[in-house]
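Enquirer: Dropping the structure in here first, questions after.
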Amino acid sequence: MITHDAYAVEPWCVRETELHLDVLPQSESLFALSNGHVGWRGNLDEGEPHGLPGSYLNGVHELRPLPYAEAGYGYPESGQTVIDVSNGKLIRLLVNDEPFDLRYGQLLSHERVLDLRAGVLQRTCEWSSPAGCTVRVRSTRLVSFTQRAVAAIAYEVEAVDSTVQLVVQSELVANEQLPPVVGDPRVAAALESPLDPEEHAAQGSRLRLVHRTRRSGLRVAAAADHVVRASDLRSTSSESSDDLARLTVTCVLRPGESMRLEKMVAYGWSGARSVPAVRGQVDAALAGARSTGWDGLLAQQRAYLEDFWSRADVEVEGDAEIQQAVRFALFHVLQAGARSERRAIPAKGLTGSGYDGHSFWDTETFVLPLLTYTAPDSVAEALRWRQSTLPAARERARQLGHQGAVFPWRTIDGAECSAYWPAGTAAFHVNADIADAVVRYIACTSDADFERDTGVELLVETARLWRSLGHHDHHGRFHIDGVTGPDEYSALSDDNAYTNLMAQANLRAAADITERHPEQAAALGVDDEEAAAWRDAAEAMTIHIDHNLGVHAQSAAFTMHQVWDFAGTRPDQYPLMLNFPYFDLYRRQVVKQADLVLAMFMRDDAFTEEEKARNFAYYEALTVRDSSLSACCQAVIAAEVGHLRLAYDYVGESALMDLKDLENNTRDGLHIASLAGTWIALVAGFGGLRNRAGVLHFAPKLPEKLARLAFSVQVLRRRLRVEIQDSEATYSLLAGSPLEICHYGQRLTVSEKSPQRRSVPEVPSLPEPQQPPGRRPTRRH
Ligand code: BGC
């Protein structure tokens, strides 16, 4: 956990004012820069000390064995792991004859600032070498949103108190040494030096390396070019070998003088293109970046973000920490998705190698809702990526004996990489989560091309799975048995309510869309009978209710199970999956993460107000939040049923997951879904946003501590701003033709000329539901 106060609370940046080596790996994740295509962890310019060096290219992975103690039919045989590609961030420095390394000498001052409006990471430090020679280093780094292959660094060194000779080595390094992989030695071996060299070049200030991954056969190129300025420049030279390309600059600086090096880096990769083609690709990207120039790249970055913030900013008054955290969250979610362009958005974005760089349902359920309302084009691209993986998903369905598509639980390129069936492939709900994201995107954009070319196919193939996975019993009820819902502490259960409700919506949406697009439907082989069967299954979907307790059962018989012995569980035994056998968790009432509670958000039409309140209280007492995906869902329903203070506490947990490293694993990369969840918790929780049949409904309410909440959503080419303050909500249309919305069920039309103001009803204070002992979220303030 990050417990020290080195990160100042400021509205538009994250500032680190002291270097704490014990949390260096966490800071590398927090300060990671990415555009969804290229990702650079926030490693120090000189490379060391480091927690985990990381340069990633979305989609570049190596295959590795998936070992099983006992073989079984349908187990994936090969896994995929994100790999560290050539490191283009490296700028090593020799001060007189001593390497600039903060572990030696004396660090006189240190500051790093992640600037959320400029989209850069800035660093300033003053260091005295062991021999007592002091230099000031300033660097600014960016990964360009506008030129997706490009990243750049401006690096400056100033002599402070004596004349120094500097040697600066700007490098591209492939197969850099990483901390050892713990676990299976076969896996470690497959990942050691994953890049085979194919070509290297160094000419003047230009460097290039081309490599190919050994098993996955992906060709990766990195190139760099430099501009150097120093009054007393003594020499520049460059060299290259298999895994290293280096520009070396020497200069002499008198006190007060400085040298400046601008480094532009371009990346490219392909599973199909030849060496000359990827070489050409990175050279071209570099030529583009050079012609824009450093100042041009900075200006483009700021303009891109200005546009984003004008659409997406969330203003929070009354809690400076949450204000900073939600902007930090929006920034990182944008970084993860902005330019991923028909590639997956991994659970950690491109901020670390956690979860092997895999994507999960996190993308469609947490990340895409935020992006749908703030950067919708990136959502279309992410869903087109899913569509491009349909061949693998259809093949997986065939293999498992089913119709339609089975999308993978975790993957990089579309193939299932989960080696644990119960908390893997059996979580079939990912199919319905994808369908839900398709429906939301279409409802919010009316993108007709997407609907016809992508929406129909995704909805049809996902619906087909449900029809084939489920069955009608002798009463005609439809059941989906033996699946795992979001709560991974209950596996292979029957009629998981979340799965069934999401599948029901998926089946209906497929039937509706094929009616609207008969030609596309016919091309996919859908006939009237199939669509009717989808509707029948949807109508007959089983949802279990425990009438004695008056609550929905998370799955059939769930409420009959023995309740977990919470009182006998010590705080250090959480997360439970690391301290108790799964089989024991599976047969008890204990919930890892919001499951039925999430269903009440995603399918809010399927529950009455009273049901929501009773269910929430029941599942609160069982939910331990061993997943970072839970707090934000609990925040939304807590707010809806009137527990505003509790909702606020959950917002805090979701928002500070990484800034405070609450789960002690931020070093592996950021929790992108939890970051997106912060936005969800504020906008859907306190803003009460729900999209019902394409109409935006709001039911705003603020916890006592928040004086004001304002946010914007983009919908149907309009930009709507919602501001909640002093028991009033104001809806203003910033752009576009008049829009119909609902405020607490009342229809309003908002136009550019006439903002609408409505009062916010008071929320009576209710007794709070209980969490399992010791699992209450931290009280804010
Ligand atoms: C959660 C999953 C999630 C995964 C990746 C797991 O701990 O239980 O729901 O998809 O992490 O974030």
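Enquirer: With θ set to phi - 60°, apply the Karplus curve 6.51 cos²θ - 1.76 cosθ + 1.60 along the stretch 267-279 and write out the HN-Hα couplings as whole Hz, x wherever there is a Gly or Pro.
Expert: Listing the rounded values in order: 10, x, 8, 6, x, 10, 7, 7, 4, x, 5, 6, 4 Hz.
Enquirer: When the accessible area of the chain is computed with all protein chains present and a 1.4 Å probe, what percentage of it is carbon and sulfur?
Expert: Numbers: 13480 of 28090 Å².
Carbon and sulfur together cover 48 percent of it.
Enquirer: Report, ordered by chain and residue number, the lysines lying within cross-link reach of Lys89, taken as a straight Cα distance under 17 Å and ignoring same-chain residues fewer than 8 apart.
Expert: Lys263
Enquirer: In degrees, nearest 10, range 0 to 90: what is the angle between the Cα axis of helix 376-388 and the longest Cα principal axis of the chain?
Expert: Once rounded, one gets 80 degrees.
Enquirer: Suppose we take every Cα in the chain and form the convex hull; what volume per residue is that in Å³? All intermediate terms of the calculation are to be shown ahead of the outcome.
Expert: Numbers: hull volume 128.6 nm³, N = 781.
In the chain, the Cα hull volume divided by residue count equals 165 Å³.
Enquirer: Can you list the HN-Hα couplings for the stretch 758-772, worked out from phi with the Karplus curve (6.51, -1.76, 1.60; θ = phi - 60°), rounded to whole Hz and with x for Gly and Pro?
Expert: With coefficients 6.51, -1.76 and 1.60, one gets 9, 7, 9, x, 6, 9, x, 7, 10, x, 7, x, 9, 9, x Hz.
Enquirer: Between the DSSP loop rule and a limit of at most 15 other Cβ atoms within 10 Å, which trypsin sites (Lys or Arg not before Pro) in the stretch 165-271 are left? Before the final figure, lay out each step's value.
Expert: Values: sites: Arg186, Arg206, Arg208, Arg212, Arg214, Arg215, Arg219, Arg229, Arg234, Arg246, Arg260, Lys263; in loops: Arg214, Arg215.
Qualifying residues, ordered by number: Arg214, Arg215.
Enquirer: Given the C-alpha centroids of the stretch 163-233 and the stretch 508-549, what is the distance between them in whole angstrom?
Expert: Cα centroid of the stretch 163-233 versus Cα centroid of the stretch 508-549: 52 Å apart.
Enquirer: How much accessible area per residue does the stretch 559-612 have, counting only protein heavy atoms and a probe of 1.4 Å, in square angstrom? Numbers along the way, then the final one.
Expert: Numbers: 2620 Å² over 54 residues.
Heavy-atom accessible area per residue stands at 49 Å².
Enquirer: Equivalent ellipsoid semi-axes for the stretch 137-248, as square roots of 5 times the alpha carbon gyration tensor eigenvalues: give them largest first, rounded to whole Å.
Expert: On the way: eigenvalues 199, 58, 46 Å².
With the √(5λ) rule applied to the stretch 137-248, the semi-axes are 32, 17, 15 Å.
Enquirer: What is the magnitude of the charge dipole of the chain about its Cα centre, with +1 placed on the Cβ of each Lys and Arg, -1 on the Cβ of each Asp and Glu, and no other charges, expressed in debye to the nearest 20?
Expert: Once rounded to the nearest 20, the dipole reads 1120 debye.
Enquirer: Moving on to the next point. Might you tell me the accessible area per residue for the stretch 277-428, computed with a 1.4 Å probe and given in Å²? Can you show the working numbers first?
Expert: Working: 4330 Å² over 152 residues.
Value for the stretch 277-428: 29 Å² per residue.
Enquirer: Could you work out how far the C-alpha centroid of the stretch 665-713 sits from that of the stretch 42-101, in angstrom?
Expert: 33 Å
Enquirer: Still on this structure, I have one more. If you average the alpha carbon positions of the stretch 564-589 and of the stretch 733-781, how far apart do those two centres end up, in angstrom?
Expert: 36 Å
Enquirer: Continuing with this model, one more query. Enumerate by residue number the trypsin sites (Lys or Arg not before Pro) in the stretch 560-634 meeting two conditions: DSSP loop (anything except H, G, I, E, B), and at most 14 other Cβ atoms within 10 Å of the site's Cβ. If you can, show how the numbers build up before the last one.
Expert: Working: sites: Arg587, Arg588, Lys592, Arg603, Lys612, Arg614, Arg625; in loops: Arg587, Lys592, Arg603, Arg625.
The qualifying sites are Arg587.
Enquirer: For the Cα atoms of the chain, what angle does the longest principal axis make with the long axis of helix 630-641, in degrees from 0 to 90, nearest 10?
Expert: Helix 630-641 sits at roughly 50 degrees to that axis.
Enquirer: Also, I was wondering about something else. Ignoring GluC sites (Glu not before Pro) that are buried or in helix or strand per DSSP, and keeping those with at most 10 other beta carbon atoms within 10 Å, what is the longest stretch of the chain between them?
Expert: Numbers: sites that count: Glu70, Glu762.
Result for the longest clean stretch: 71-761.
Enquirer: Have a look at the stretch 7-288 and give its Rg and Dmax from the Cα atoms, expressed in angstrom.
Expert: 19.8, 71
Enquirer: Now a separate question. With every protein chain in place, what's the accessible area of Thr365 (1.4 Å probe, Å², nearest 10)?
Expert: Surface accessible to solvent at Thr365 totals approximately 10 Å².
Enquirer: Select from the stretch 45-108 those chymotrypsin sites (Phe, Trp or Tyr not before Pro) which occupy a DSSP coil region and have at most 10 other Cβ atoms within 10 Å, ordered by residue number. Don't skip to the end; give the middle numbers.
Expert: Values: sites: Tyr56, Tyr68, Tyr73, Phe100, Tyr104; in loops: Tyr68, Tyr73, Phe100, Tyr104.
Answer in residue order: Tyr73.
Enquirer: Over the chain, what is the relative contact order in whole percent, taking alpha-carbon pairs under 8 Å and six or more residues apart? If you can, show how the numbers build up before the last one.
Expert: Values: 1814 pairs, mean separation 90.1, N = 781.
Value for the chain: 12 percent.
Enquirer: Would you mind working out the magnitude of the charge dipole of the stretch 7-288 relative to its Cα centre, with +1 at each Lys and Arg C-beta and -1 at each Asp and Glu C-beta, to the nearest 20 Debye? Display every interim value, and only then the final one.
Expert: Numbers: 28 positive and 36 negative charges, 179 e Å.
Charge dipole of the stretch 7-288: 860 debye, to the nearest 20.
Enquirer: Output wanted: per-residue J couplings in Hz (rounded whole) for the stretch 670-681, from phi through Karplus 6.51 cos²θ - 1.76 cosθ + 1.60, θ = phi - 60°, x for Gly and Pro.
Expert: Going residue by residue, I get 7, 8, 4, 5, 5, 4, 4, x, 5, 5, 4, 4 Hz, with x marking Gly and Pro.
Enquirer: Local charge sum around Ala491 (other residues, Cβ-Cβ under 11 Å, Lys/Arg +1, Asp/Glu -1)?
Expert: Working: positive: Arg587, Lys592; negative: Asp487, Glu488.
Overall, the nearby charge balance is 0.
Enquirer: I've got another one for you. Tell me the relative contact order for the stretch 7-288 as a rounded percent, counting alpha carbon contacts under 8 Å between residues six or more apart.
Expert: On the way: 706 pairs, mean separation 48.9, N = 282.
Relative contact order comes out at 17 percent.
Enquirer: What's the FRET efficiency of Ala188 with Glu762 using the Cβ-Cβ distance as r and R₀ = 41 Å, to the nearest 0.05? Could the numbers behind the result be given before it?
Expert: On the way: r = 59 Å, r/R0 = 1.45.
Result of the calculation: an efficiency of 0.10.
Enquirer: For the chain, what is the mean residue ellipticity at 222 nm derived from helices alone (per DSSP H run of n ≥ 4: -39500 (n - 2.57); sum divided by total residues; nearest 500 deg cm²/dmol)?
Expert: Numbers: 18 runs with 227 residues, N = 781.
Value at 222 nm, helices only: -9000 deg cm²/dmol.
Enquirer: Against the longest alpha carbon principal axis of the chain, how many degrees, from 0 to 90 and to the nearest 10, is the axis of helix 456-469 turned?
Expert: Relative to the chain, helix 456-469 is tipped by roughly 60 degrees.
The values are calculated or read from the model by the stated rules, or taken from the named source; none is laboratory data. Just so it is clear, the model here is predicted, and its values are computed rather than measured. Every residue, glycine among them, receives a Cβ derived from its backbone with ideal geometry; neighbour counts consider all protein chains shown. Each accessible area value is taken on the protein alone, full model and side chains, heavy atoms only, with ligands, DNA and RNA left out. Shrake-Rupley method; radii C 1.70, N 1.55, O 1.52, S 1.80 Å.
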